[in-house]
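Some notes on the structure that comes next.
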Ligand SMILES: Cc1cc2nc3c(=O)[nH]c(=O)nc-3n(C[C@H](O)[C@H](O)[C@H](O)COP(=O)(O)O)c2cc1C
Ligand SMILES: C=C(O[C@@H]1CC(C(=O)O)=C[C@@H](OP(=O)(O)O)[C@H]1O)C(=O)O
């Protein structure tokens with residue numbers, strides 16, 4: 001199983017949604033970097049479950065316990081390991097899923113791959129809960145990058161196709177026991193020109209790899225993205241000019257990346273998040289043991305929309321990818 005990210009750094013994420021704990025080991029942080037733990041906790045809270053009526057009611061403190069690698073708020077230069085105990089699991093909610101996979105979730109694919117050994121409780125290792133350790137690592141990288149003048153900010157662009165009043169779309173879906181997805185936009189500023197490699201290690205490649213580590217992410221587009229396929233070159237090209245000896249472009253359809261390499265303009269990308277698979281509406285599924293078609297109504301506690309809680313996850317994934325790239 002590959003839950004390890006990075007070339008120059010290594011970020012290893014471990015745990016399952018209902019295991020004793022989840023966590024992360026970060027290898028490659030230099031010694032002597034101060035980490036603001038309060039700021040990190042503020043970041044963790046943006047993702048944490050049970051904080052809003054639009055989120056899963058599962059209540060978790062999501063306060064990382066640092067086991068090693070950081071002393072008195074300062075990195076030691078050795079691997080940093082942090083864990084979060086899973087406190088509010090309700091595994092009986094998943095009794096039906098042992099034999100019947102939820103449409104849209106990883107249950108069936110994980111059953112094929114891991115058989116009876118698969119920990120299906122709460123989605124196991126495939127759960128959105130594993131984005132908590134991603135946010136520990138990403139929150140740390142984001143702090144370090146900020147000191148170097150690089151900022152990473154994501155926001156909700158639309159939910160359920162609604163950009164004016166995105167949460168109205170969530171309210172509507174909730175009334176029906178249904179769910180909605182949406183689009184998140186991320187902007188990176190302060191990244192100098194010249195970062196990235198041609199072909200397979202371009203900025204688009206590495207950002208996409210990290211962002212696809214977030215469950216429920218189904219698409220990513222850079223700059224003008226898919227829309228560029230519908231316009232002319234004269235419209236899509238971003239014309240250059242000198243701005244006080246600095247090369248800039250008048251528009252930013254290229255989203256700050258040309259040939260996989262940063263241009264010095266803000267890096268802009270958008271992420272498509274699918275609707276939460278676990279919904280209260282009855283759907284068709286199968287019984288593995290009886291080899292029969294059955295009906296399934298998913299109970300338990302679920303996000304009616306993943307998008308709001310995925311916003312800091314996108315920032316975390318981007319921070320991890322960038323940090324690895326510029327070391
Ligand atoms: C922050 C976050 C919260 C999530 N919450 C839920 C949830 O409450 N219920 C659910 O069925 N899926 C939830 N998901 C999505 C599933 O984990 C995901 O759809 C599933 O693992 C299958 O992976 P895939 O959608 O990438 O194919 C969440 C994902 C994230 C990132
Ligand atoms: C706990 C979190 O979200 C969980 C993500 C999730 C899933 O299938 O992804 C399913 C639910 O798990 P459970 O049934 O155990 O409550 C969510 O609550 C979290 O993100 O921290």
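Dividing the summed helix terms, -39500 (n - 2.57) for each DSSP H run of n ≥ 4, by the number of residues in the chain produces a 222 nm estimate of -7500 deg cm²/dmol to the nearest 500. Each listed q (0.13 Å⁻¹) maps to a log10 I(q)/I(0) for region 83-242, found by the Debye formula over equal Cα scatterers with no solvent: -0.94. Mean-square fluctuations from a GNM of the chain, with a 10 angstrom spring cutoff on Cα atoms, peak among 245, 125, 254 at 245.
P(r) tail, region 26-65: Cα-Cα pairs separated by more than 10 Å, 75% of all pairs. Let a ≥ b ≥ c be the square roots of the eigenvalues of the Cα gyration tensor of region 136-194; is it rounded (a/c under 1.5), or, if not, prolate (a/b larger than b/c) or oblate? Prolate shape, in that a/c is at least 1.5 and a/b is the bigger ratio. Residue-normalised convex hull volume from the C-alpha trace of region 5-49: 107 Å³ per residue. Compute the acute angle (0 to 90°) between the alpha-carbon long axis of helix 37-47 and the principal axis of greatest extent of the alpha-carbon atoms of the chain; round to the nearest 10°. The two axes meet at around 60 degrees.
Springs between Cα atoms under 10 Å define the GNM used for the chain, and in it the highest mean-square fluctuation of 176, 244, 153 occurs at 244. Springs between Cα atoms under 10 Å define the GNM used for the chain, and in it the highest mean-square fluctuation of 277, 57, 312 occurs at 57. When the alpha carbon coordinates of region 4-326 are projected onto the principal axes, the ranges are 70, 53, 35 Å, largest first.
Which angle between 0 and 90 degrees, to the nearest 10, do you get for helix 307-326 versus the longest principal axis of the chain when only C-alpha atoms count? Helix 307-326 sits roughly 50 degrees off the main axis of the chain. To the nearest ten degrees, helix 166-175 and the longest principal axis of the Cα atoms of the chain are 10 degrees apart. Look at the Cα gyration tensor of region 62-163: its axes a ≥ b ≥ c give a/c of at least 1.5 with a/b at or below b/c, and that counts as oblate. The ratio of the alpha-carbon radius of gyration of region 228-315 to the globular-protein estimate 2.2 N^0.38 Å is 1.91.
Every number here is computed from the coordinates shown, using simple stated rules; none is lab data. Note that the structure is predicted; figures quoted are calculated from it, not measured.
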